[in-house]
Structures are given as C-alpha cells and as structure tokens.
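Below is one structure, written out as structure tokens; the observations come after it.
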C-alpha cells in the first residue's frame, strides 16, 4: 500500500474513532467546549510517527502533514480559511551550503585556521545566490546593535560595507548603574540572531558570523549544527540577507582572535560598554562559498469556526501552532527528527481544540491556523502577517501553542508576554475560573517572546503571545521538574519522540486554557488593546 493511501486510511480511522460530537458542558447557562485527551493523544502519536518523516520543510513528510491537517479540518466541519481552500501558499527558497565544493576559509595573521564545517562553524548564503567570492576584512562589532532609545551604537559610524562582521549573541548585560538597560536580564529583540543579520544587511556588510556560547544562545552547539548543516529556507520576495550568514564555536572564535593578535575576552568585556568601537582584526574571510538553491511551495493551513454574532463574526481570534519540524537528515539508522513535543504537541492540540470549538461557536469567528516553516525563522507566520487571510484590524488576538506540557497537571499556567496587552487581565480571569494561577513572571533570558510564531502577529499590531505549560506540578513535583529539565537534551534531536507513557493531563490542561481564553476574547464586547506605550501597539494605532 502506498504511503499516501496509508495516510488516507489513518485519517479515516481517526475520524471514525473520534466522531465529531465533542464533549460540551454547561457553565452559567452557556455551552463550554471541552478538549478531550483521546483525539489529542491519537493525533500526536500519528503526526510524530515515522509515517510523517519528521514533518520537514520542503520534504515529503511536510506535504503529508499539510494533507492530513486539511483532511482533518474537513472531517471536523471547519470552514476553509482562504476562500474555498484551507491552504495558504508560502513560497520559500531552499539553500543548502556545499562546503565540500567550497574553498572558504578564515585566515588570521596570514595563516588559515584549521576548522571543520559543522564541527567548528556553519554558514550559508543569506541572499539566495549559489556562488560567492570572498576576500574580505573581518571586523568585530561587539553585539552588533544600534538602539537609539538605549543611546547605544556598536558601529560608531564606521563603514562596514563589504566586511565580514563578527558579533556576540544576546544583548548588553545589566549593570549596577543601569540595571534595566536592554530589558535588564531579559533578552530583547536586539539580542536575537535575526536582528543581527538584519542590521548587518542594512549596513551593507558582506556577511556575519555569530559567536556561539551555550549561555548566550540558550542552547548547545548541537542545535546550531543540526540547523546549519542542512537545507535552510527563507521567504521568496522577502528582504534578503547578506552573502554569508553563520555561526562559529567559542573555541573557533578564540583561535581567530588569537591568530589576529587580539584577546577575545578583553574585547567582549569592552563591548559591554557604550563607548565600545568596532575593531578590525588582522584577519580575512577568503575563498569561494557554494550553495545549492531551489524554490519550494509550502502551505499554512487555515480553518474557521464562524462566529454567531451578526456583527462580531466579522472579527476573529486566531489559534496557531507550527506543523513543521526538522524532517529527515543525514544517513544514520535513525535520521528522522520526529518533533513530538516540538511541535507535534501543539499541532495535535489545535485539532483537539477545533473538534471542541466547532460544537459551541463563539460570537466572534475562530481560526485554527497551522503555520509552516517556523523552524526556519517563523516563515509561515511571517507570510501570514504580511498577507493576512483576515484583516489585522479585525483580528482580536493570536494565541500560539509551541511545545506542550507532557509531564502532568500543574497549579499554574504560563502566559509570558500577555502583560503587554489587555490579554493579561483576561488570562488571569480565565485561569481563576479553572482553578489555576498565572505563573510568576521571570526574566525572559532566552528571548522566548521573539522566537515563536506569535511574534509575527505582534509585529503586525495584533495582541499575541504563546501559552506555556505551568511549572507548579501537582504530582511528584521534584520528579516532574527533572523530567521537564531532561527534555532540554532531546530538543531538536532525534530523541524527541512520542512516548505512550506520557501523562497527557498537562497537555489537555494547556489546550483547554488556550481555548477558554480564546473564547473569552471571542465573546467579549470589544477586542483587547495593547498597553499604553508598548512599541508593538503603535502598529495597530497607525
């Protein structure tokens, strides 16, 4: 039996096993849709199985995933979100570095460094060009940040056109004199690698190499390697990057700086001060970089539960989750990155939530949106934000799910970023109704608010955040925390696989809270607003 036929059979089996009539309870005279564990578990087990080959962007598994989400939306009775179609085209360019066919090297003090692609550094073109020639000076620009509101400029007017810029990840750390600079301990958008690439492009640089450390990136080199040694993607027609974009290990950076007669630690310390000035190293990027380029059509999947109010139904609440993961990579015996938690869990949760929501529609319409290519830089959500299927001014909120709680029930729920809008107060009320509390806010050290798909909506002026699982576990708190911590070693690895022994109560709790919050927004007299002074709120006000 062909796998496409297998997929059809599996989809039909799920439809039969979990008929459309969702559980609905009555609360204060209103029908409240209930998210059920069984469909969530079944969808997750299937979506993260080898049948879907890791749901890779530009791979067969990704195509199967889109087909599955589309067919399940039809089974559930959801309306197409894009006219008569459930699909929204996301045209992207695929770029795969070809290090074996390239002669690219770093030269410091006149001598080439002995470094290996993947082990010591990774790179790819950011401008969708297959060949680049480099004989380029290297400039250390600290954090590579220009932030007028912070009175901070790492460039100090220096012309870096045509240069390779070496930068640190993250943003300047707080000091005793200025404890709140760049958000204090929290990471701002200036600290994200995406910003650094964008700023380098604006200044005409030839390329960027970021210095990786586990602490500054918030993940190990294995994550960078897994993402940097395979095909990478970017939106076609979007702003292009520099000719080379990549990372190097801290050890490689030390070799580069030492060979150029500089002390890396001293320069990094200097870059923590406002008076830092760029330093041109006695080093070059030299040689030819080659890459394989192709174009790929991917799809967001959008399905709608129409609202019941004659006027408010013209407005919408969007629930989102990215359907993609890393797909198949390499030639090892297990080369499928199944992505069960990230983000098979969110993908499956939206299906379970939609099954419930369709039985008890709200006043406003509700869209269930599975976006493509999040792992490639939020590409699917960025495309949606640029070409919305529902007017941004009539989109009340975006509630995003990315990696659900597979540990168990908690007493709290996490809503980081909700405090930037009136969603924070609504979330607190919904949590109280469910016997939960909002988790105490902690400094966003990893810049999580800028790393998930909700950020694409926020940049378009739509109140948005991702709902995270709680941390106050009810059952075996210490053991539960250890299980949650251990997931860090499976993140973006082949070991992120479905485990039938998982306690799904935490996932159901998280999905139910998200649906309840969305319904509260969908039934409210007015759409939520941004808090006064929030820079993202200015977009909607225009």
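The values are calculated or read from the model by the stated rules, or taken from the named source; none is laboratory data. Here the structure is a predicted model, which is why all the values come from computation and not from measurement. So basically every Cβ, Gly included, is an ideal-geometry build from the backbone, and we count neighbours across all protein chains shown.
Return the residues of the range 238-272 that are in a loop (DSSP other than H, G, I, E, B) and in contact with a helix residue (DSSP H, G or I) (Cβ under 9 Å, 6 or more places away or on another chain); say none if nothing qualifies. Give the steps one after another, and end with the answer.
Of all residues in the range 238-272, those in a loop (DSSP other than H, G, I, E, B) come to 238-243, 260-263, 271-272.
Passing the criteria: 238, 239, 240, 241, 242, 262, 263.
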Item to complete: Looking at (1) in contact with a strand residue (DSSP E or B) (Cβ under 9 Å, 6 or more places away or on another chain); (2) crowded, with 20+ Cβ neighbours inside 10 Å; (3) closer than 20 Å to residue 404 by Cβ, find the lone condition where residue 511 falls short.
Response: (1)
Worksheet item: Are any of the residues in the range 371-392 more than 22 Å from the chain's Cα centre (by Cα), assigned by TED's automatic domain parsing to the domain that holds residue 47 and farther than 30 Å from residue 225 by Cβ?
Response: yes
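In the list 277, 284, which residue meets the criterion of being within 30 Å of residue 145 (Cα to Cα), at pLDDT 95 or above, in the same structural domain as residue 148 (by TED's automatic domain parsing) and assigned to a loop (DSSP other than H, G, I, E, B)? Walk me through how you get there before you give the answer.
On the way: 284 fails: assigned to a loop (DSSP other than H, G, I, E, B).
Checking each option against the conditions leaves just 277.
Kindly indicate the residue of the range 67-81 that is part of a helix (DSSP H, G or I) and touching a helix residue (DSSP H, G or I) at 6+ places or on another chain (Cβ under 9 Å) and also farthest from residue 360 (Cα to Cα) among those meeting that condition.
Initially, the range 67-81 is screened for residues part of a helix (DSSP H, G or I), giving 67-76.
Filter once more, keeping what is touching a helix residue (DSSP H, G or I) at 6+ places or on another chain (Cβ under 9 Å): 67-69, 71-73, 75-76.
Working: 67: 26, 68: 24, 69: 21, 71: 21, 72: 18, 73: 16, 75: 16, 76: 13 Å.
Taking the candidates together, the pick is 67.
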Worksheet item: Just for the range 182-216: of the residues that are part of a helix (DSSP H, G or I) and in contact with a strand residue (DSSP E or B) (Cβ under 8 Å, 6 or more places away or on another chain), which one is surrounded by the most Cβ atoms within 10 Å (Cβ to Cβ)?
Response: 200
Discussion item. Every residue in the range 297-337 that is surrounded by 15 or more Cβ atoms within 10 Å (Cβ to Cβ) and out of contact with any strand residue (DSSP E or B) (no Cβ under 8 Å at 6 or more places or on another chain), please.
Written reply: 308, 309, 312
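Within the range 82-89, identify whether any single residue is modelled with pLDDT of 95 or more, touching a helix residue (DSSP H, G or I) at 6+ places or on another chain (Cβ under 8 Å) and in a strand (DSSP E or B), and answer yes or no. Steps first, answer last, please.
Filtering the range 82-89 for residues modelled with pLDDT of 95 or more gives 82-89.
With the extra rule that they be touching a helix residue (DSSP H, G or I) at 6+ places or on another chain (Cβ under 8 Å), the set shrinks to 86-88.
Narrowing further to those that are in a strand (DSSP E or B): 87-88.
Taking every residue of the range 82-89 in turn, at least one turns out to be modelled with pLDDT of 95 or more, touching a helix residue (DSSP H, G or I) at 6+ places or on another chain (Cβ under 8 Å) and in a strand (DSSP E or B).
Quick one: which helices (runs of 4 or more DSSP H) sit completely within the range 402-517 and have at least 3 residues that are in the same structural domain as residue 385 (by TED's automatic domain parsing), over 19 Å from the mean Cα position of the chain (by Cα) and over 20 Å from residue 370 (Cα atoms)?
Numbers: elements: 423-433, 454-459, 477-486.
Once the helices (runs of 4 or more DSSP H) in the range 402-517 are filtered for at least 3 residues that are in the same structural domain as residue 385 (by TED's automatic domain parsing), over 19 Å from the mean Cα position of the chain (by Cα) and over 20 Å from residue 370 (Cα atoms), what remains is 423-433, 477-486.
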